[in-house]
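Structure record follows, encoded as structure tokens.
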Amino acid sequence: MSAPLPTRVDVAIVGGGMVGASLALALGGSGKRVVLIEAVAPGAAGQPSFDDRTTALGNGSRRVFETLGVWPHLAAHAGAVLEIRVSDAGHPGAARLSAAEQGLEALGYVVPNRQLGAALWKQLAAHSAIAIRNPAQVSEVRLAADGAQLTLDAGGQRESIAAQVVVAADGAHSLVRAAAGIGAEIVDYDQVAVVVHVATDRAAAGIAYERFTATGPLAVLPLADGHYTVVWTLAPERARQVCALGDAQFIDELQRGFGWRIGRIHRAGARAAYPLQLSRAETMVGQRAVLVGNAAQSLHPVAGQGFNLGLRDAALLAEILAAAPDPGAPAVLESYELRRAADRRGMIGFTDGLVRLFANDRPGAALARNVGLVFFDMAPGAKRALSRLSWGFGGDAPRLLRGLPVS
Ligand SMILES: Cc1cc2nc3c(=O)[nH]c(=O)nc-3n(C[C@H](O)[C@H](O)[C@H](O)COP(=O)(O)OP(=O)(O)OC[C@H]3O[C@@H](n4cnc5c(N)ncnc54)[C@H](O)[C@@H]3O)c2cc1C
């Protein structure tokens with residue numbers, strides 16, 4: 001049972017998607033009065049965070065979920081990635097990264113977003129200290145030096161909540177970010193990710209493939225049930241075309257684009273399309289407001305790092321807010337921004353750089369890329385660094401990532 005709705009809280013979290021729900025759980029035992037407000041029920045077909053996609057979780061994220069008690073609900077649905085094979089279509093350069101060579105159980109885990117939502121919300125429901133408003137849409141946020149005032153629309157009823165700080169976990173088009181007057185730099189990649197689950201005549205055995213093609217990266221990720229999820233990045237017009245194809249023709253096109261590494265594709269599920277942008281808020285904090293996850297930055301999925309980065313936002317923020325007598329005080333929020341800066345800058349730069357490197361068709365670029373892949377394949381240090389990406393890009397690791405509760 002969740003707590004009854006209070007009218008005055010310490011922390012109001014707007015958005016109960018992957019990052020907001022994780023943050024609420026992290027704050028659950030902190031002694032702070034917390035309310036989580038989510039517009040769409042977690043199991044609903046139109047839930048934008050917990051939809052038909054899958055998410056590749058790094059080992060750092062697994063550790064956070066273990067600490068929060070979420071992992072036992074997820075483990076059976078998590079496809080372990082034992083090896084990643086990278087190739088550049090039409091060129092000889094290729095590289096492999098293996099969990100065994102890195103002394104790891106797995107390089108990461110692929111989980112269906114719907115299962116992730118079910119696991120997070122199951123844990124939330126068991127937490128009596130977290131007040132939940134769902135479905136309820138925040139329609140207005142007013143920020144002042146001494147606190148935040150939120151207006152909610154819950155099934156036609158208007159409600160009001162006062163908070164010491166409001167957390168924007170409401171995604172890339174964040175209402176809270178706009179209310180705080182924080183702008184965002186948008187880079188449109190002019191690419192669309194077509195996501196589809198496929199079954200092949202050979203069961204997935206923990207190998208993930210990242211193939212860079214002329215239209216963009218094509219990722220094929222192993223699922224726990226032996227099938228694969230495909231994230232096929234295409235120019236917008238081409239994405240529209242492949243989404244409109246009949247199943248048999250779509251499978252032919254995909255098989256042609258990817259080849260036969262996973263065997264013959266014999267079934268493809270429903271396709272969903274995601275236009276791809278980099279969105280980066282100019283700052284992570286405002287007056288009595290703080291940004292996490294996609295509200296702070298949304299990344300191209302090429303490296304599967306957007307949620308992993310957002311989860312580290314949530315993990316550190318929970319720890320900082322839990323320790324602060326006034327969690328909305330400017331010095332508290334500034335310390336969050338400062339301590340997240342290196343990881344955020346590093347991961348945005350790494351992801352954006354990867355998209356640009358493999359999209360570059362200038363003479364010499366393909367050669368440089370392929371030489372790079374060959375060198376990477378022979379460089380144990382570079383492989384070690386890449387396999388540790390999900391622990392963050394520098395800065396101090398949040399307590400949850402070290403297996404410790406937030407306070
Ligand atoms: C194709 C694709 C594949 C991806 N794969 C990976 C991957 O493998 N690994 C990885 O780490 N990341 C991946 N990502 C990125 C990942 O999906 C995002 O980082 C993640 O969704 C961010 O979660 P969030 O909770 O911040 O935002 P969102 O998922 O956008 O959730 C926001 C939530 O806020 C709610 N909301 C919005 N406005 C309001 C309001 N006014 N009132 C109340 N509630 C509101 C919404 O209903 C929603 O539930 C991928 C992204 C794409 C597009």
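Compute the angle between helix 306-323 and the longest alpha-carbon principal axis of the chain, please, reported from 0 to 90 degrees and rounded to the nearest 10.
20
Amide H to amide H, which residues 5 or more places from residue 130 or on other chains are under 5 Å from it, using H placed in the peptide plane?
Counting only residues 5 or more places away or on other chains, the set is 3.
So if a site counts as exposed when it's one of the trypsin sites (Lys or Arg not before Pro), its DSSP state isn't H, G, I, E or B, and it has at most 14 other Cβ atoms within 10 Å, what's the longest stretch of the chain without one? Walk me through the intermediate numbers first.
Working: sites that count: 202, 261, 264.
The longest such stretch corresponds to 1-201.
So what's the angle, to the nearest 10 degrees on a 0 to 90 scale, between helix 330-359 and the longest Cα principal axis of the chain?
The helix 330-359 is inclined about 20 degrees to the chain.
Can you give me the long-range amide H partners of residue 191? Hydrogens built in the peptide plane at 1.01 Å from N, cutoff under 5 Å, separation of 5 or more residues or another chain.
Amide H to amide H, under 5 Å and 5 or more residues apart or across chains, residue 191 pairs with 276.
Per the helix-only calculation at 222 nm, which mean residue ellipticity applies to the chain, given -39500 (n - 2.57) for every DSSP H run of n ≥ 4 and division by its residues, nearest 500 deg cm²/dmol?
Helix-only estimate at 222 nm: -10000 deg cm²/dmol.
Spelling out what I want: for every residue of the range 142-156, take phi, set θ = phi - 60°, compute 6.51 cos²θ - 1.76 cosθ + 1.60 (Karplus), and round to whole Hz; glycine and proline get x.
Each residue's phi maps through the Karplus curve to give 10, 10, 9, 4, 9, x, 10, 10, 10, 10, 10, 10, 10, x, x Hz.
In whole Å, what is the distance between the alpha-carbon centres of the range 236-271 and the range 363-403?
After rounding, the separation between the Cα centres reads 30 Å.
Per Stokes-Einstein, at 25 °C and 0.890 mPa s, what whole-number D in µm² s⁻¹ belongs to the range 219-282, with the Kirkwood radius over Cα pairs as the hydrodynamic radius?
Rounded to a whole number, D works out at 184 µm²/s.
Along the range 19-36, what does the Karplus equation 6.51 cos²θ - 1.76 cosθ + 1.60 (θ = phi - 60°) give for ³J(HN,Hα), rounded to whole Hz, x for Gly and Pro?
Ordered by residue, 3J(HN,Hα) equals 7, x, 5, 5, 5, 4, 4, 4, 8, x, x, 7, x, 6, 7, 10, 10, 10 Hz.
Given a 10 angstrom Cα cut-off, can you work out which residue in 198, 290, 35 is the most mobile in a GNM of the chain?
The residue with the greatest mean-square fluctuation here is 198.
Using alpha carbons only, what's the Rg to Rh ratio of the chain with Rh from Kirkwood?
In the chain, Rg relative to Rh is 0.97.
When N counts the residues of the range 312-372, how does its alpha-carbon radius of gyration compare numerically with 2.2 N^0.38 Å, as a ratio?
1.79
If N is the number of residues in the range 252-377, what value comes out of its Cα radius of gyration divided by 2.2 N^0.38 Å?
Details: Rg = 19.9 Å, N = 126, 2.2 N^0.38 = 13.8 Å.
After normalising by residue count via 2.2 N^0.38 Å, the value is 1.44.
Using the alpha-carbon centroid of each, what span in Å lies between the range 94-114 and the range 132-171?
Each part's Cα centre sits 39 Å from the other's.
Taking the 0 to 90 degree range and rounding to the nearest ten, how far is the long axis of helix 247-258 tilted relative to the main principal axis of the chain, both from C-alpha atoms?
80
Can you report the principal axis dimensions of the range 1-115 using only the alpha carbons, biggest first, rounded to whole angstrom?
62, 31, 23
Projected onto the charge dipole of the range 78-147 (+1 at Lys/Arg Cβ, -1 at Asp/Glu Cβ, origin at the Cα centre), which of 106, 116, 139 gives the Cα projection farthest towards the positive end?
Value: 139.
Say a site is exposed when it is one of the GluC sites (Glu not before Pro), sits in a DSSP loop, and has at most 16 other Cβ atoms within 10 Å; what is then the longest site-free stretch of the chain? Don't skip to the end; give the middle numbers.
Numbers: sites that count: 101, 105, 282.
That gives 106-281 as the longest site-free run.
Which of 299, 116, 276 ends up with the largest GNM mean-square fluctuation for the chain, with Cα atoms connected below 10 Å?
Its mean-square fluctuation being the largest, the pick is 276.
Give me, ordered by chain and number, the residues 5 or more places off residue 8 or on other chains with an amide H under 5 Å from its own placed amide H.
Amide H to amide H, under 5 Å and 5 or more residues apart or across chains, residue 8 pairs with 162.
Rounding to the nearest 20 debye, state how big the charge dipole of the chain is about its Cα centre with +1 on each Lys and Arg Cβ and -1 on each Asp and Glu Cβ.
540
Given 5 Å bins starting at zero, what is the percent of C-alpha pairs of the range 143-278 in each, up to the one with the largest pair distance?
Spelled out per bin, shortest first, that is 2, 9, 15, 16, 12, 8, 8, 9, 9, 7, 4, 1, 0.
In whole Hz, with x marking every Gly and Pro, tabulate ³J(HN,Hα) for the range 82-92 from phi via Karplus 6.51 cos²θ - 1.76 cosθ + 1.60, θ = phi - 60°.
Taking θ as phi minus 60°, the curve returns 9, 8, 10, 10, 10, 9, 10, 4, x, 9, x Hz for the range 82-92.
Since every read-out is calculated from the coordinates, none of them should be taken as a lab result. No experiment lies behind these values; they were computed from the predicted model shown. Cβ: placed from backbone, ideal geometry, glycine included. Neighbour counts: every protein chain shown.
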